Every structure is written in structure tokens, then in C-alpha cells.
Protein chains: 2
Amino acid sequence: MKIVALAGGVGGAKLAHGFAQILPPEDLTVIVNTGDDFEHLGLTICPDLDTVCYTLAGLANSDTGWGRENETWNTISNIEKLGGPNWFRLGDQDFATHIERTRRLKEGKSLSQVTREFCAAWGIKQTVLPMSDSSVRTMVSTDKGELAFQEYFVHRHCEPDVKGFRFEGIEVAQPVPGARDAIKSAQALVICPSNPWVSIDPILRVLKKIDKPVVAVSPIIGGKTVKGPAAKMYAEMGIEPSALAVAEHYHNLLAGFVFDNQDRQLSDNFKKGKILVTDTLMHSPADRARLAMDVLQFVGSL
Amino acid sequence: MKIVALAGGVGGAKLAHGFAQILPPEDLTVIVNTGDDFEHLGLTICPDLDTVCYTLAGLANSDTGWGRENETWNTISNIEKLGGPNWFRLGDQDFATHIERTRRLKEGKSLSQVTREFCAAWGIKQTVLPMSDSSVRTMVSTDKGELAFQEYFVHRHCEPDVKGFRFEGIEVAQPVPGARDAIKSAQALVICPSNPWVSIDPILRVLKKIDKPVVAVSPIIGGKTVKGPAAKMYAEMGIEPSALAVAEHYHNLLAGFVFDNQDRQLSDNFKKGKILVTDTLMHSPADRARLAMDVLQFVGSL
């Protein structure tokens, strides 16, 4: 069963890794949000893309879910000593990714081409695609003014109240080569448990029309997000944060929606598609594979 | 006694550190070659400037003379794993210097301004000046064609036969702010034991006329260089490599020349200036201070 997974960072990467454990590599394509990408220290940094790749390659830090395992911090701590910007913590191994990616982009390669090369070097056999080769930059409208995403997310720790989002460059952004073909040959698209506002919406807007069944896994469990500001964003946008709110968010697209067992009662209120209620928390690689299997069976039942 | 030292990399840095040990900080200005600078991995790398600064700050690797002590190599080894250029070995701490310098240069700061800021951050109280704020790039004419300096020096290990040198941008390069004033108030200029062809000549060409006594310390001892390709270059340019050849190289400028004890007999043949014969090898920081003291006394005697 060929699957296209749409993913942001940590949560998306975990479910993508679940699929990677149970599907033949050629049957999995992951399309990754690039709205979080930014230019920092002269480097093009693609946090979601790197989290997905590091996770699939077995290189990710298992404590944080992002960054590299066995990381050292000598470059950033010396930038700090020089009085340079230190708010975005980049490890020494991670710096290699950004330096070499930036070098290849400046040579004229596309982000999807560089990503393909990096995946080959890291031994990733699945297809990982950035959502677009052209720049899309998520801007967060807040009570402190409009902020570039990483400024909001990392530098200001998601503290400002969110009023809305703007995706700079999204009108002209096209899916990368191979994305439409992957969708065409897929049985379904799976929206991973990533932030609907800033991880999935940009991908959906770039992909535009999707002629396949879409199944989404809730990133909100018991009204809270496992990681990241999705629940806080819902509340600040005037919507009670819940798995149901996420299902409503995607309802025009959905063939099915996956609730966590904690939200079983809530799931009764969702009438716009089929539902699966299961354990969606992914503590271990085995949890990821189990949830991926549940989702595949759900897709098969649609 | 105010001194301006002209320096390339390791040898120059050592004698500069000798002066730094015995002179009040405000009495020492080091003007450093930037012809070795190059753009690599999207970064502006200034090898001589960094070697001088790391040495004065006590951060230099005491085995190699260049790079940082207690260095790690996680970034470059991961660039290597990605298939990126690995021939120029940059350590993780060292990367911080290049990343942060490049960022500040792109902000519009001059190299001398960035160097001043870095010196302050590293606790260097002496004045370290790049020879120019505009780009000078040493090109080496060889039997394998013209090569950018680091391509010749590091990538090809100085193997091609040298035919000559070209300093791209030298015609328009001006000394940085403060350089002429430092020379004006100095009692003498000291040419450190650096490569005459590629470390000192570019500085001299940028400074143009020098109205002060100049004393040079030979980088060649017993016909050999302590480090680097100076002797090999002399031979390939058809000149027998010797301290005397170096003295002849500078003879229009020189008030005095410093020979090593090993070249005592050779020194009798130098008639174009005063001479000092002493131990010029600098194995330890104490050696550096002793040689610096010898040179200062020699300057005082002129």
C-alpha cells in the first residue's frame, strides 16, 4: 500500500518513521513542511526537513526529537563568546547539514535535489520531499506584531498571542518534482500528528487539490499537544483546543480521522468521516510502528 | 618602544606573541597578511589573521601552531559524510569564527572592524589589523596553471612548481584605518619570520612607502623553512634558499636583518644593513619572548 505522509517536525517525523518501519521504502513518500525554514547565520536552515531526515536515518536525538544524537555544541558556544546570535541552538553535526545545504543551494541546486542527495548520504531509502523548492516563509501575526516563525517559535518561546498566519511566497510555490506522481500512485495521504496551522496548512496550500482519501492523526490529545504550540494557537484563535477542533480544521479533506483513546467520547461528535480510536502516543520506535500499522489498516478499511 | 610587526601565519604569530609578552599592549600593532584569505563553504576564511589572533589570545593549538586548542571536528566530518568538500580542515570552534565573521561582513562591517570586535571578545589587548579591508587574493602561478593560494597550499600540498605570484585586488587595496598612524608612531617595523613571497610581500605592497626603520627576521634557517613552502618557492624561482636570499629579497627596505646562529657564517656576506645573529627558533612561549627581546634591543641599537 503506497502512502504519502504529510509531516512537520517531531510528531510528523515519528509517524513517518512508523511507516518506514513497516512499508517497503518505495511505498513511502514524506512531504515535509518548509514554512519553518529560515536564513540564520548566513545558512538556510530547514528544521522540519532535518527532523524528518534525522529521524528516518536513525540520527535524531531521541530525547528532544530534533537535532542530532551524540551532539556537541562547540561552534554555537564560540559564536556566543564572540557576541553572535545564540538563541537558535545548532549542534556541531547539525551545522554540517546547514553549511553543506547552503553551499549546494548557492551552486544552483534545488532544495529537493539537495534533500535527495542528503538522504542518499544518510542511507534513507524512502522518498523525502520538501513541500516546495521555492521559498515559503511562515509569518505569525501576534499581539507583538508579525513575527517570522522561528522568531516566534524559538526566540520568543511561542509567548506572543497568535492572531493568524501568513505564508510568504505560498501563492507561487509549486510542489516539487515527484510530489504529484507520488500522490497519484498512493492509496491515501496521511496527515501526521503535526501542527495544523503551521506545519500542515502550508503543505496543503502548496499541494492544492488532492484527489485521494486523506486520513489525519490528531496532534492534540485530551486538549493538549504532545509537543509544540498547536493547542495554544487554537485557544488564542478563539477555538477550544481538542482533537475535534483538528478534525473540523481538516473536515473538507478528510476520509477518516484518528483520535487518541483519551478522546474516545469526543470522537462520537465527529460525523464528517470515518474514525479510528487508538493509542496515538509514540514514546518508542515500536509505538510508531504500531500506530502506523493501525493507520494503514484504517486506510485499508475506508 | 612602539613596534609594528608584519606577520603571516604561524611564524609571524609566534614572534608577535613574543612582542606581546614584553611590550605594553598599546605599544604593539600587528599588521597581518590577508592574501591567504578565501571563500570556502560560503564562509570568509582568514587563516593568517586567525592564527595571529588565536596565538595572542592563547587559544591556538600548540602542536600545529594554527587552529584552536582542544578542537573537535564534528562539523567537517559530517560535511565529509554528505560528500561535501573536506580538504580544508576546519574545527568546530574555528567554524564559529568563520560563520560569525561572514555574518558580520554581510551586515556591512569591514574586516578590520570585525577583527577589532573579535579581539575584544577574545581578550586581546594589542592591536591586530588585517593589511586591508578590501579583498586581496594571492594567486600562485605554477606548472599546473594559476592556482588560488589555498588550492595550492592546502589542497595540493604545495606540490606544483611555483613560477610567480599575483595578488588580485592589490592595486586598489588600501591599508586599514589606524595602520598608517601605528606606523607613524612606531620606532620600527619588524618583519616577522613569515614567508616573504606570500605573507610579507602583499603587506608591503599594500603599505607602499614606509618611512621607518625596518628589521626582518629570517624565516629560513640553514637553507630550510621551519614551516611552510618559502624555501621550496625560492628554489623553484631559481634562487638558492637561504637567510641571505631573504635579506636580499627585502634589501631596499632594511635597516637590519636577523640571522639564526646556524647562519652566522652566511651573515658575513650581508653588507646592506646591520645584522643580528641569534637563536631565532621559537619552540616555546619563552623562546618567543627571548627572540622578541633580542629584536627590540637590536632595533634600539640601530
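Just a few scattered comments:
- Options A:114, A:154: the member that is buried (at least 17 other Cβ atoms within 10 Å of the Cβ), out of contact with any Ser or Thr (no Cβ under 9 Å at 6 or more places or on another chain) and either small (Gly, Ala, Ser) or part of a helix (DSSP H, G or I) (or both): A:114
- Taking the range A:78-92 as the range and being within 29 Å of the chain's Cα centre (by Cα), hydrophobic (A, V, I, L, M, F, W, C) and facing chain B (nearest Cβ under 7 Å) as the test, only A:79 passes.
- Reported count of residues in the range A:93-108, each being within 17 Å of residue A:54 (Cα to Cα), among the charged types (D, E, K, R) and more than 7 Å from chain B (Cβ to nearest Cβ), is 2.
- Criterion (polar (S, T, N, Q) and part of a strand (DSSP E or B)) met by exactly one of A:141, A:134: A:141
- Residue in the range A:109-129 that is farthest from residue A:49 (Cα to Cα), counting only those that are within 13 Å of another protein chain (Cβ to nearest Cβ) and touching a residue at least 24 places away in the same chain (Cβ under 8 Å): A:123
- Filter pass, residue B:66 being farther than 30 Å from residue B:166 by Cα, of a type in the set (Phe, Trp, Tyr) and surrounded by fewer than 24 Cβ atoms within 10 Å (Cβ to Cβ): no
- Count of the range B:155-167 residues which are of a type outside the set (Phe, Trp, Tyr) and under 20 Å from residue B:201 (Cα atoms): 6
- Looking only at the range B:185-204, and only at residues there that are of a type in the set (S, T, N, Q) and assigned to a helix (DSSP H, G or I), the one that is nearest to the chain's Cα centre (by Cα): B:199
- Hey, residue A:39 more than 20 Å from residue A:150 (Cα to Cα) and at pLDDT 95 or above or not: no
- Residue match in the range A:45-53 (condition: surrounded by 21 or more Cβ atoms within 10 Å (Cβ to Cβ), more than 14 Å from the chain's Cα centre (by Cα), under 26 Å from residue B:98 (Cα atoms) and of a type outside the set (Asp, Glu)): yes
- Filter pass, residue A:56 being surrounded by 23 or more Cβ atoms within 10 Å (Cβ to Cβ) and touching a His at 6+ places or on another chain (Cβ under 8 Å): yes
- Complete set of residues in the range B:99-108 that are without any contact (Cβ under 8 Å) to a residue 60 or more places away in the chain and surrounded by fewer than 23 Cβ atoms within 10 Å (Cβ to Cβ): B:103, B:104, B:106, B:107, B:108
The values are calculated or read from the model by the stated rules, or taken from the named source; none is laboratory data. Every value quoted in this text rests on a predicted model; they were computed, and no experiment measured them. Every residue, glycine among them, receives a Cβ derived from its backbone with ideal geometry; neighbour counts consider all protein chains shown.
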